[in-house]
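Take a look at the structure below.
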Amino acid sequence: MMIKVIWVQPDGSEKEALVEEGMNLMDAALEHDIEGVIGECGGSMACATCHVEVDPGCGIPAGDPQPMENEMLDVVEYGRTATSRLSCQLIASPELDGIRLKIPG
């Protein structure tokens, strides 16, 4: 199954893609050349360069970060928000279909 993901750049421009269920959204962003998602550590939660903010307006709760992710979010470059997540920890699933991810910047 494919789910729709929308990435929103700091300037408001958007890019939408269909992502295979089970893929983490950092890898999906890299595959679709989403500017601002770097993924330096390859998804091992050691860098926070895949930081995104889940747009609360999309109505899709992405859940709470696990303890290790929570610690990494404390050191993100553009500051943590209430909806900050590491996209390497968001896994494409039917529940996330239509999710909007804001790229901080």
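Quick notes
- Taking other C-beta atoms within 10 Å as the exposure proxy, SER93, SER13 rank SER13, SER93 from fewest upward.
- Rg [Å, one decimal], Dmax [Å, integer] - segment 2-102, C-alpha atoms: 12.1, 32
- Cα lying deepest toward the dipole's positive end in the chain, options CYS47, PRO67, ILE91, charges on Cβ: PRO67
- Ranked for footprinting exposure by Cβ neighbours inside 10 Å, fewest first, CYS58, CYS88 give CYS58, CYS88.
- Charge dipole of segment 2-102 (Cα centre as origin; +1 on each Lys and Arg Cβ, -1 on each Asp and Glu Cβ, all else neutral): 180 debye, rounded to the nearest 20.
- The overall shape of segment 28-83, judged from the alpha-carbon gyration tensor, is oblate: a/c is not under 1.5, and a/b is no greater than b/c.
- Remark: segment 39-80 carries a charge dipole of roughly 60 debye about the Cα centre, counting +1 on each Lys and Arg Cβ and -1 on each Asp and Glu Cβ.
The numbers here are math on the coordinates, done by the rules we state, and not lab data. Everything quoted here is computed from the prediction, not taken from an experiment. In this analysis, Cβ positions are derived from the backbone assuming ideal geometry, glycine residues included, and neighbour counts consider all displayed protein chains.
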